[in-house]
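One structure is given here, and the rest of the page talks about it.
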């Protein structure tokens, strides 16, 4: 039994949340752009001040050497008027843009989570029965993680890198939209559905944030190596800090994906009477595990640079995208059910 009115309310909540996330993306982008401009301006003022002080020191040295003396050196203390950089006001304005972005993100989080709950109530089961439901649950987890993280630390700069992929996930979910329906009997197992697929969605949500941090690290690192930290890139933390955060997120996500692989095998034995059957989804789940294991190993290996290791992490995200698009939509397997695969 399904409730069409609750399913419709769920759809409206998801669509409305997409619109709110679009506004949050604009606010976060404004925050990052103006913060970068303010920091770039402050850095320019510091460089100009160093040049001015250095020029004054050189003049005094030349005078002492007797090579060029136009006027006698002053005997008393001298002061040099240096105008302080006026960057506090732009920074304050930018932070307000970022706070607006966080508030909008929280509003969208409540909308997506509410829409997900309504979807589950409408079908009277855990809302993880098809690709659409997987997408909205993964988006819910990603938004919850980022919104909670933003309360404890200043993560306003991370907003665009999280909101944009979450919008892409929700948009793709709408493309894969499946009407609310019941699962096939072999897979209608509340316990394993809630454990296995919930672990998968939570891991994917963390991998999305990890990939966002990885992209930010690569961009900032390239700018630092070229010594061209300009525009919005100046609003990001230093590359080393971004890379450390990227590694930390993957440290949490990888064990969850490991448990996803294990619980999937156990559920397969319950549903189909075997732990492993070389189903396409089983193979790709293992491939993703191998790629992220390679990332963690390369990150701890002295012969690999952090930049190259991050490329491996992004390859893992690419494998996840292929798993939930190409494998689900184009390859038939035991995981094809409820209209669209999961």
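Read-outs: derived from the displayed coordinates by stated rules, not from any lab. Because the structure is predicted, anything quoted here is derived from the model rather than measured. Every residue, glycine as well, gets a Cβ built from its backbone with ideal geometry; the counts of neighbours run over all protein chains shown.
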Using the eigenvalues of the Cα gyration tensor, what equivalent ellipsoid semi-axes result for the range 270-329 when each is taken as the square root of five times the eigenvalue, whole Å, largest first?
28, 14, 6
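Find the all-direction average of the projected area of the Cα convex hull for the range 109-154, expressing the result in square nanometres with one decimal place.
Details: hull surface 12.7 nm².
Quarter of the Cα hull surface area: 3.2 nm².
How do 133, 269 rank when sorted from fewest to most other Cβ atoms within 10 Å of their own Cβ? Don't skip to the answer; put the middle values down first.
Working: 133 28, 269 13.
Lowest count first: 269, 133.
Give the shape of the range 186-342 as rounded, prolate or oblate, defined through the alpha-carbon gyration tensor: a ≥ b ≥ c are the square roots of its eigenvalues, a/c under 1.5 means rounded, and otherwise the shape is prolate if a/b is larger than b/c and oblate if not. Mind showing how you got there, number by number?
Numbers: a/c = 2.65, a/b = 2.35, b/c = 1.13.
Prolate, since a/c reaches 1.5 and a/b exceeds b/c.
Can you classify the range 123-199 as rounded, prolate or oblate using the Cα gyration tensor, where a ≥ b ≥ c are the square roots of its eigenvalues, rounded means a/c under 1.5, and otherwise it's prolate if a/b beats b/c and oblate if not? Provide the component values of the computation, followed by the final result.
Values: a/c = 3.90, a/b = 1.89, b/c = 2.06.
Oblate, because a/c is 1.5 or more while a/b does not exceed b/c.
Counting other beta carbons within 10 Å of each residue's own, what order do 18, 104, 329 fall into, fewest first? Provide the component values of the computation, followed by the final result.
On the way: 18 19, 104 22, 329 12.
Final ranking by Cβ density, sparse to dense: 329, 18, 104.
Based only on Cα atoms, what mean projected area does the convex hull of the range 236-295 have, in nm²? Write down the numbers at each step before the final one.
Details: hull surface 19.4 nm².
Its average projected convex-hull area is 4.8 nm².
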To make sure I understand, if each residue's beta carbon is the centre and we count other beta carbons within 10 Å, what order do 109, 301 fall in, fewest to most?
301, 109
